[in-house]
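Report on the following structure.
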Amino acid sequence: QVQLVESGGGLVQAGGSLRLSCAASGRTFSSYIMGWFRQPPGKEREFVAAIIWSSGSTYYADSVKGRFTISRDNAKNTGYLQMNSLKPEDTATYYCAAGRMFAIVPGLYDSWGQGTQVTVSS
């Protein structure tokens with residue numbers, strides 16, 4: 001099983017940027033998809049972005065397209081979510097996840113990190 005550890009959350013003003021990291025360990029990650037999800041207070045967990053590790057193909061939710069960029073560093077087995085032009089509505093706990101197939105449904109991912117809080121003030 002894959003273990004995932006996120007880092008990089010924090011408090012930022014609207015319009016600012018943050019970069020989240022997700023370090024993967026336990027298995028070779030090349031056959032996985034890494035997804036990023038977020039869960040705003042009192043709401044359901046929602047898809048943000050995903051990357052197919054082997055090819056680098058990326059997918060984004062419409063709400064973050066053009067502002068967020070997902071990437072990976074094969075040598076470090078680490079994925080990243082660069083978040084620019086942040087808005088108060090981006091405030092949430094952000095989770096990275098590993099799965100065997102691309103999906104926007106959280107239940108299809110096998111492993112999850114512990115989450116990191118992102119708060120965007122207006």
Subject >> Wholly enclosed strands (runs of 3 or more DSSP E) of segment 4-56 bearing at least 3 residues under 14 Å from Gly79 (Cβ atoms) and in contact with a Gly (Cβ under 6 Å, 6 or more places away or on another chain) >> reply: 18-25
Original post:
Of these, Ser54, Ser71, Ser85, Ser63, which one is at positive phi and among the small types (Gly, Ala, Ser)?
Top reply: Ser85
Subject >> Flag for Asp110 being modelled with pLDDT under 95, of a type in the set (D, E, K, R) and open to solvent by 40 Å² or more (accessible area, probe 1.4 Å) >> reply: yes
Original post:
What is the one condition in (1) farther than 18 Å from Val120 by Cα; (2) open to solvent by less than 50 Å² (accessible area, probe 1.4 Å) that Thr91 does not satisfy?
Top reply: (1)
**OP:** Provide a single number: the residues in segment 105-122 that are in contact (Cβ under 8 Å) with a residue 60 or more places away in the chain and either among the acidic types (Asp, Glu) or under 16 Å from Tyr59 (Cβ atoms) (or both).
**Re:** 3
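Per-residue answers, yes or no, for (1) in contact (Cβ under 8 Å) with a residue 40 or more places away in the chain; (2) closer than 17 Å to Phe37 by Cβ; (3) open to solvent by 40 Å² or more (accessible area, probe 1.4 Å):
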{"site": "Ser55", "(1), (2), (3)": "no, no, yes"}
{"site": "Tyr59", "(1), (2), (3)": "yes, yes, yes"}
{"site": "Lys65", "(1), (2), (3)": "no, yes, yes"}
{"site": "Ile70", "(1), (2), (3)": "no, yes, no"}
{"site": "Thr78", "(1), (2), (3)": "yes, no, no"}
{"site": "Met83", "(1), (2), (3)": "yes, yes, no"}
**OP:** Mind counting the residues in segment 1-12 that are in contact with a Leu (Cβ under 8 Å, 6 or more places away or on another chain) and either under 16 Å from Ser71 (Cα atoms) or open to solvent by 60 Å² or more (accessible area, probe 1.4 Å) (or both)?
**Re:** 3
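Filter segment 13-53 down to the residues that are of a type in the set (Lys, Arg) and in contact (Cβ under 8 Å) with a residue 60 or more places away in the chain, then identify the one that is most open to solvent (accessible area, probe 1.4 Å). Break it down into steps so the answer makes sense when it comes.
Quick first cut of segment 13-53, residues of a type in the set (Lys, Arg) only: 19, 27, 38, 43, 45.
The next check asks that each one be in contact (Cβ under 8 Å) with a residue 60 or more places away in the chain; those that pass are 19, 38, 45.
Details: Arg19: 127, Arg38: 13, Arg45: 76 Å².
Per the stated criteria, the residue is Arg19.
The values are calculated or read from the model by the stated rules, or taken from the named source; none is laboratory data. Note that this is a predicted model, so its numbers are computed, not measured. So basically every Cβ, Gly included, is an ideal-geometry build from the backbone, and we count neighbours across all protein chains shown. These accessible areas exclude ligands, DNA and RNA; they are computed on the full protein's heavy atoms, side chains included. Shrake-Rupley method; radii C 1.70, N 1.55, O 1.52, S 1.80 Å.
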